[in-house]
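The values are calculated or read from the model by the stated rules, or taken from the named source; none is laboratory data. Only a predicted model underlies this, so the values are computations on that prediction, with no experimental measurement involved. Reconstructed Cβ throughout: ideal geometry from the backbone, glycine too, with neighbour counts over all protein chains shown.
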Amino acid sequence: PQLRYAQRFAPDEFPPGALQWIRARFEKDIERLDQELARTQAFILGDKPCIADFALCGYLYWASEAGVTPPTHVQRLLDRIAALPRWQAPYDLLRP
């Protein structure tokens with residue numbers, strides 16, 4: 001969320017080097033998540049979605065607004081969640 005905020009809403013509000021640090025932190029964290037997802041079942045804790053999967057969505061569905069592309073296993077998780085019955089993308093939920 002910090003990378004999205006920094007890049008989309010306040011790119012000029014961060015001190016020199018802060019945006020690079022936030023991006024480096026994101027890269028390290030997303031790589032770790034991708035590695036974990038490579039070893040799991042369909043979802044983060046098994047064959048069925050749980051609150052952990054939906055908590056990740058709260059951040060990962062905004063990746064394009066942070067200027068990043070989710071790696072392979074992270075994207076597959078997002079695709080599986082989007083394929084669930086009655087799933088709605090975040091912006092669709094925000095429409096009146």
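Details
- The range 68-96, residues that are out of contact with any strand residue (DSSP E or B) (no Cβ under 9 Å at 6 or more places or on another chain) and closer than 17 Å to Q35 by Cβ: V68, T69, P70, P71, T72, H73, V74, Q75, R76, L78
- Scanning the range 25-76 for residues that are of a type in the set (S, T, N, Q), at pLDDT 90 or above and either crowded, with 18+ Cβ neighbours inside 10 Å or more than 25 Å from A6 (Cα to Cα) (or both) turns up just one, Q35.
- Filtering the range 2-24 to residues that are among the hydrophobic types (A, V, I, L, M, F, W, C) and surrounded by fewer than 10 Cβ atoms within 10 Å (Cβ to Cβ) leaves only F9.
- Subset of the range 43-96 (residues that are of a type in the set (D, E, K, R) and without any contact (Cβ under 8 Å) to a residue 40 or more places away in the chain): D47, K48, D53, R76, D79, R80, R86, D92, R95
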